[in-house]
Amino acid sequence: MQETITTPLITNDTVVFGLLALCLGFIFYTSSIKTGFWGKFYGIVPAVLMCYLLPAILSSSGVISDDSSNLYFVASRYLLPAALVLMTLSIDLKAISNLGSKALIMFLTGSAGIIIGGPIAILIVSVFSPETVGGNDFDATWRGLSTIAGSWIGGGANQAAMLEIFQYNPEKYGGMVLIDIVVANVWMAIILLGAGKSQRIDAWLQSDTSAIERLKIKVTAFSERITRVPTLKDYMMMLFFAFTAVGIAHFFGDYLSALLKETFTSVSDKKSFLSFLGSAFFWMVVLATGIGIALSFTKAKNYEGAGASKIGGMFIYILVATIGMKMDLGKVLENPGLIAVGFIWISIHAGLLILVAKLIKAPYFFLAVGSQANVGGAASAPVVAAEFHPSLTSVGVLLAVLGYVVGTGGALLCAYLMEVASGLN
């Protein structure tokens, strides 16, 4: 089936950005109203979910389109690294290390859930719809699903690597991107709904949240101690820290990725477990995070008192709105069979996380952020972490970076298992 490309009503990115700003302003204003209709509405629907949903509605109705916009590219390459710097500026590594090993265990559990979930989903769907998970040669469904595995364990760079390795039919690739976006966003919505009920979930998990609470108290006390009325100089210094770091991250990220690909065949080989080291985006995220952590050992961390993490949060929400543009709600049921594969897959991921969290009594925060560090990456994990408390944002950032590291290897293993599962049909 040939896809019909329609031109959206608004193609001017300046106007589109204005619409996204309108959406964000409307959401943040109405969510601040704690009484009446809006108080009840946001008591059920998290504000951050609406930041995805409103742009998705505009995109689905043909008003705007990610296909004709460069806003996501700008937000992910300029604003995301700037946000990572500003949000890690006041990071307390010692306090984060005191959180223990459960955060790492839940992250790795999330990765394992994606790796085994893909082949199990193929086997389940093949029972009642074998043609959905069939296909031959480069049209084989498992090849397309390998790109989702790359996205859900690492991110966009790992997704592109899987497409190049397994050479899935480009004409059908758009359907896989759709499944990725729809299922991942629905799962994130569920995660965010759970964030509002985290105390009840933690009680059911019988988890010990004392280390998280101590981190919240410590960071909050630090913020209150250094809080001041920001001056123009403060804003200009934060601009200096953030975007000088963005420039450095891009410059050395491009240089390192090119150098490593030229020097090591294992990096330039897309089938290698080390291929993620050839991604300029990976190095951009790592370097921006590293610069932010380095600044946290200097007096620059006091700029948290002038609102550094709040400005970083604003950048992240702009990125969230541009991600929402990618989701066309009208296409959700275009291929119900493959959508079913996606939901079964993410359900196995979720089920394994819940099982392990119950066994080791891990807080829901670790479950949520461990999942999003896999499925959402650097764009989503900090947002979910911040929903619990702004001081926890850096935990999401650090786990997301780990996601890029294990992404290619995990996705390759998942792809080979899916190939085996497809062969059993």
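The values are calculated or read from the model by the stated rules, or taken from the named source; none is laboratory data. Please read these numbers as outputs of a predicted model, since none were measured by experiment. Using ideal geometry, Cβ is built from the backbone for each residue, glycine included, and neighbour counts are taken over all protein chains shown. Keep in mind that these areas ignore ligands, DNA and RNA; they rest on the heavy atoms of the full protein, side chains included. Shrake-Rupley method; radii C 1.70, N 1.55, O 1.52, S 1.80 Å.
Miscellaneous remarks
- In the stretch 224-263, residue farthest from residue 301 (Cα to Cα) [restricted to those that are surrounded by 17 or more Cβ atoms within 10 Å (Cβ to Cβ) and of a type in the set (Gly, Ala, Ser)]: 257
- Residue that is more than 25 Å from residue 57 (Cα to Cα) and assigned to a helix (DSSP H, G or I), where the choices are 319, 287, 338: 287
- Sole residue being open to solvent by 10 Å² or more (accessible area, probe 1.4 Å) and under 30 Å from residue 250 (Cβ atoms), chosen from 71, 99: 71
Quick grid of which residues meet (1) of a type in the set (A, V, I, L, M); (2) more than 15 Å from the chain's Cα centre (by Cα); (3) farther than 26 Å from residue 405 by Cα:
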site: 278; (1), (2), (3): no, yes, no
site: 282; (1), (2), (3): no, no, no
site: 285; (1), (2), (3): yes, no, no
site: 288; (1), (2), (3): yes, yes, no
site: 293; (1), (2), (3): yes, yes, no
site: 297; (1), (2), (3): no, yes, no
site: 300; (1), (2), (3): yes, yes, yes
site: 311; (1), (2), (3): yes, yes, yes
site: 322; (1), (2), (3): no, no, no
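- Assessment of the stretch 371-383 against the conditions (surrounded by fewer than 21 Cβ atoms within 10 Å (Cβ to Cβ), within 30 Å of residue 289 (Cα to Cα) and in contact (Cβ under 8 Å) with a residue 12 or more places away in the chain) yields no matching residue.
- Residue match in the stretch 252-269 (condition: in a helix (DSSP H, G or I) and either on the phi > 0 side of the Ramachandran plot or in contact with a Lys or Arg (Cβ under 7 Å, 6 or more places away or on another chain) (or both)): yes
- Residues in the stretch 297-314 that are surrounded by fewer than 22 Cβ atoms within 10 Å (Cβ to Cβ) and in a helix (DSSP H, G or I): 10 in all.
- Filter pass, residue 87 being touching a Pro at 6+ places or on another chain (Cβ under 7 Å), open to solvent by less than 40 Å² (accessible area, probe 1.4 Å) and part of a helix (DSSP H, G or I): yes
- Restricted to helices (runs of 4 or more DSSP H) entirely inside the stretch 120-211, those with at least 2 residues that are under 24 Å from residue 388 (Cα atoms) and open to solvent by less than 50 Å² (accessible area, probe 1.4 Å) are 141-153, 170-195, 198-205.
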